[in-house]
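S.K.: Okay, here's the structure, questions in a sec.
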Amino acid sequence: MEDVVIERSDRPMYYYVTFKKDTMKARYLACPVLTTEPYREACKKYESTFTAYQRELAKRKDQEEQMEQQMIRQRRSQRDAAAGDISSASMQARDYVIRSFVIMKFGIWNYDKPLKYNQMVSIKPTIKVNDTLYFMTFYLADQTRNALITFNPGNNLVYEKDSKNLLWMAIRKKQVAVFSAEDFAGIPAGSVNYTFNLRLIKTPLNSSEDFLKLYHNEFKETP
């Protein structure tokens, strides 16, 4: 038994007793079995004990709530620290890729300064790589318009339906993950939410030239 709670009922001299264990809960209506003078003495003792019990119960529940909040803060701190490590480690790969798009004379745009679209698609994205969720900045390359657009976590992915699009994200020191133009073609029409399963490029990026080779080879890695 994990918890027992006693409550007064609307019926005089009767009490509700609730027993809890895991997801199971049982509640009973109970009454004292003593009579006359022993009962009155027991009532006095019970009232004193019950008041102390309520104080201890409230104290325990407050402690449990504080512990739960502390655990939530610790998990959030650990998650933010891990995300910071990944973001910091991926900066080198990100810089190589952005430099490559500059070399290819792509215009660099931010989400808050969008392009004009003829057939705009707006989707709330979930970004995954090898079954791992990522809440990081990612990039959309509109290859038809030679435009590279930065998207921050929490923003919708907005793109031109008829363009040849490529989505990529730097997730490790020398590695990127991509969602190809062929992948974009598989997004169901009218999608409001979509999980983008990016493919991790195993070939490490040691320079912008490495990325350019991958790009011009449509990200087909040689064995």
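Derivation of every value follows stated rules applied to the coordinates shown; laboratory data play no part. Being a predicted model, the structure only gives us computed values, none of them experimental. Neighbour counts are summed over all protein chains in view; Cβ atoms, including those assigned to glycine, are modelled from backbone coordinates with ideal geometry.
S.K.: On a full-extension model of 0.36 nm per residue, what is the gain between E209 and M120, subtracting their alpha-carbon distance, rounded to one decimal in nm? Don't skip to the end; give the middle numbers.
M.R.: Values: separation 89, 0.36 × 89 = 32.04 nm, distance 3.23 nm.
Extra length available between E209 and M120 comes to 28.8 nm.
S.K.: Moving to a separate point now. Given only helices, namely DSSP H runs of n ≥ 4 each adding -39500 (n - 2.57), what is the per-residue ellipticity at 222 nm of the chain, to the nearest 500 deg cm²/dmol?
M.R.: Details: 4 runs with 81 residues, N = 223.
Computed ellipticity for the chain at 222 nm equals -12500 deg cm²/dmol.
S.K.: Could you give the distance between the Cα centres of the stretch 102-133 and the stretch 147-192, to the whole Å?
M.R.: 5 Å
S.K.: Take peptides 200-210, 22-32 and line them up by average Cβ neighbours within 10 Å, highest first, as a rough protection proxy.
M.R.: Working: 200-210: 15.0, 22-32: 9.5.
Ranking the peptides 200-210, 22-32 by packing returns 200-210, 22-32.
S.K.: Moving on to the next point. Just name one of V158, S207, V97: the one whose Cα is farthest towards the positive end of the charge dipole of the stretch 90-216 (beta-carbon charges, Lys/Arg +1, Asp/Glu -1).
M.R.: Farthest along the dipole direction, towards plus: S207.
S.K.: If you don't mind, there's one more thing I want to ask. Can you order the peptides 186-194, 131-139 by their average number of other Cβ atoms within 10 Å per residue, highest first? Let's see the in-between values first.
M.R.: Working: 186-194: 10.0, 131-139: 15.1.
In descending order of packing, they fall as 131-139, 186-194.
S.K.: Which entry in (1) 36.3, 144; (2) 30.6, 97; (3) 20.6, 67 is this structure's computed Rg and Dmax of the Cα atoms in Å?
M.R.: (2)
S.K.: Once you keep just the Cα pairs under 8 angstrom separated by 6 or more residues, what percentage relative contact order results for the stretch 152-207?
M.R.: Values: 48 pairs, mean separation 17.8, N = 56.
Worked out over the stretch 152-207, it gives 32 percent.
S.K.: Sticking with this one: What do you get for the angle between helix 91-103 and the principal long axis of the chain? Use alpha-carbon atoms, 0 to 90 degrees, nearest ten.
M.R.: Roughly 30 degrees between the two axes.
S.K.: Quick one: if you stick a label point 7 Å off each Cα along the C-beta vector at K220 and T144, how many nm between them?
M.R.: It works out to 2.4 nm between the two label points.
S.K.: Within the stretch 90-216, count lysine pairs with alpha carbon atoms under 17 angstrom apart where the residues are 8 or more positions apart or belong to different chains.
M.R.: Eligible lysine pairs with Cα atoms under 17 Å apart amount to 10.
S.K.: Still on this structure: Using the Karplus curve 6.51 cos²θ - 1.76 cosθ + 1.60 with θ = phi - 60°, work out ³J(HN,Hα) for each residue of the stretch 106-112 in order, rounded to whole Hz, and write x for Gly and Pro.
M.R.: Result, rounded to whole Hz: 7, x, 9, 10, 9, 4, 7.
S.K.: How would you rank V4, V176, going from fewest to most other Cβ atoms within 10 Å of each one's own Cβ? Present the calculation step by step, with values, prior to reporting the outcome.
M.R.: Values: V4 11, V176 26.
So the residues, fewest neighbours to most, are V4, V176.
S.K.: Mind checking the angle between helix 36-89 and the chain's longest principal axis? C-alpha axes, 0 to 90 degrees, to the nearest 10.
M.R.: It is inclined by approximately 10 degrees.
S.K.: If we sort 140-150, 96-106, 57-67 on the protection proxy, mean other Cβ atoms within 10 Å, highest first, what's the order? If you can, show how the numbers build up before the last one.
M.R.: Details: 140-150: 19.0, 96-106: 16.8, 57-67: 10.5.
For the peptides 140-150, 96-106, 57-67, the packing ranking is 140-150, 96-106, 57-67.
S.K.: Would you kindly derive the ³J(HN,Hα) couplings of the stretch 180-192 from the backbone phi angles with the Karplus curve 6.51 cos²θ - 1.76 cosθ + 1.60 (θ = phi - 60°), listing them in order in whole Hz, with x for Gly and Pro?
M.R.: 6, 4, 5, 5, 4, 5, x, 6, x, 4, x, 5, 9
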